[in-house]
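Here is the structure we will look at.
Quick note: the coordinates plus some simple rules give every number you see, no bench work behind them. Owing to the predicted nature of the structure, the values given are computational and were not obtained by experimental measurement. Cβ sites come from the backbone with ideal geometry, for glycine too, and all protein chains shown count toward neighbours.
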Amino acid sequence: MAGRGAMVSGRAKGVTRTIKVTTERLKDLLALEAELGEILPTSFIVRRMRMIAENQGEVTLYGVAEEAETANIRTFLARQGVPYTLVETERPSQVPSHVDWERDALPVLIIGNETLCKPTIREVAEAIGISADIEDGQTYDVAVLGAGPAGLAAAVYATSEGLSVIVIEALVPGGQAGTSSRIENYLGFPTGISGQGLAGRAYLQATKFGAEIAVARQVERVKCGEVYSLRLDGGDMIKARAVIIATGAVYREPPIENLEAFTGGGVHYGASYLEAQLCKQKDIAIVGGGNSAGQATIFLAGFARQVKMLIRGKSLASSMSSYLIERIERSPNIEVLSNSEVKRANGGRKLQSLTVFNNRKQTTQDIDFAHLFVFIGAVPATDFLPDQVKLDEKGFVLTGDQLDKNCLDSYGWKEERRPFHLETTCPGLLAVGDVRSGSIKRVASAVGEGSVCVQYVHRILGNA
Ligand SMILES: Cc1cc2nc3c(=O)[nH]c(=O)nc-3n(C[C@H](O)[C@H](O)[C@H](O)COP(=O)(O)OP(=O)(O)OC[C@H]3O[C@@H](n4cnc5c(N)ncnc54)[C@H](O)[C@@H]3O)c2cc1C
């Protein structure tokens with residue numbers, strides 16, 4: 001393979017430079033890694049380059065695009081920025097002959113020489129090599145829980161300031177922001193940027209500085225102590241001297257009968273370019289009347305034949321910004337169905353219709369829809385936290401000045417100092433972004449808090 005490689009182009013100071021990354025360079029990096037006993041970020045990139053150069057990087061997915069398991073893998077690959085080919089099939093003749101084919105084996109994912117039948121997202125992440133290996137019992141300066149904007153910002157600042165950092169992400173980097181089709185109010189992107197685009201850049205930036213990012217791994221338990229112990233799914237334990245909770249919020253599921261049967265396939269909780277492709281020339285429904293529902297409706301109307309917004313109340317005026325309402329009113333293929341509540345999702349393998357109740361006329365009808373998008377808010381992801389962490393009445397984490405002396409005493413705060421601004425009732429355990437009580441639910445504020453909290457981490461660890 002001597003001399004084989006891939007060309008990489010980059011622009012700096014107005015000049016474009018193209019370099020050749022060869023497999024020899026990878027060998028050097030691997031040797032250095034073995035000597036140091038750690039994986040170097042540069043070699044991660046070179047590995048990916050070699051896979052592509054040697055035609056091992058090819059990722060092919062066999063399955064039915066609108067079925068939930070296939071759709072979940074596609075969403076994961078797309079949000080992680082992994083190029084792949086989808087072969088839409090239900091027939092054995094199209095699946096490679098070495099796969100022991102049954103209808104139930106789909107989806108099948110082929111990555112280089114590896115074949116996975118019905119893989120879990122964690123298995124996909126491991127096969128592609130995009131998730132850091134967890135070494136049981138390893139101790140880090142900082143563990144960042146969640147790789148949304150807040151967690152990725154914390155990882156960038158902490159690693160760039162010399163701390164060893166592990167980031168644990170339950171699904172895929174980007175968090176809620178990663179599901180947004182276009183973020184138009186984040187500083188520095190005058191024409192907007194997709195949530196996926198922003199997340200991909202932040203992920204690379206954190207990795208470049210040396211953050212280890214474990215993808216598709218869930219934190220199940222946090223145990224307080226001098227050093228924090230974290231239990232992950234599958235039973236692995238890691239330790240950290242400081243912990244940053246950046247787990248944000250998880251979407252709220254509406255009480256619609258039979259909804260889970262279609263989640264990921266016909267029912268979605270985010271609207272990125274991938275979901276939009278599935279909606280081409282189809283009739284789709286949006287549930288929710290807030291700004292995120294409005295953004296998604298306008299975006300998806302550019303792909304779908306007809307978009308119906310189903311809202312419980314009389315109008316959008318009380319819940320949505322007027323600029324979005326104006327755009328919705330101007331769109332010929334968007335219709336707002338007021339006083340409408342979805343009661344049931346119907347279909348076989350794919351979503352076919354929704355049973356909709358009109359709470360004013362007290363009537364029920366089935367309306368054909370190929371896709372349903374749900375935007376009815378989110379609840380904080382805090383169920384893995386120990387009882388020593390004080391939460392507000394809605395489950396968001398209280399920090400800093402929100403904690404009075406009585407509260408600190410009753411939660412066993414032993415330090416002479418008060419908690420830092422973003423610190424919880426446990427010394428060394430901080431909370432940032434949407435998961436924090438009273439936080440502003442925006443990308444910029446999540447990034448701001450994730451960046452700022454690293455200063456407190458230094459003080460907690462005695463570095464400043
Ligand atoms: C559709 C949509 C559009 C939006 N548009 C805009 C916009 O245009 N402008 C704007 O400013 N804001 C927008 N927002 C809001 C913005 O996305 C959020 O405020 C921001 O993402 C919060 O960042 P975060 O890092 O605090 O949390 P999140 O983005 O929620 O990230 C938390 C991460 O933690 C992970 N996690 C949760 N539990 C665990 C666990 N136990 N173990 C490991 N990982 C875990 C999750 O998988 C997730 O990746 C939008 C939100 C949505 C949903």
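Looking only at Cα atoms, what is the convex hull volume of the range 259-321 per residue, in Å³?
85
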**Request:** Would you order His371, His458 from fewest to most other beta-carbon atoms within 10 Å of each residue's own beta-carbon?
**Result:** His458, His371
**Item:** the range 148-179 versus the range 297-363: alpha-carbon centroid distance in Å
**Value:** 35
**Request:** Evaluate the Debye formula for the range 145-238 with equal point scatterers sitting on the alpha carbons, no solvent, and hand back log10 of I(q)/I(0) at q = 0.14 Å⁻¹, in q order, two decimals.
**Result:** -0.54
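Can you give the FRET efficiency for Lys414 and Gln138, using 1/(1 + (r/R0)^6), R0 = 25 Å, r = Cβ-Cβ distance, to the nearest 0.05? Don't jump to the answer; show the numbers that get you there.
Details: r = 27 Å, r/R0 = 1.08.
The formula returns an efficiency of 0.40 here.
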**Asked** Label points 7 Å out from Cα along the Cβ direction at Arg349 and Tyr323: separation in nm?
**Response** 4.4
**Prompt:** Do any of Lys308/Lys361; Lys308/Lys350; Lys282/Lys441 go past 21 Å between their Cα atoms, and which?
**Reply:** Lys282/Lys441
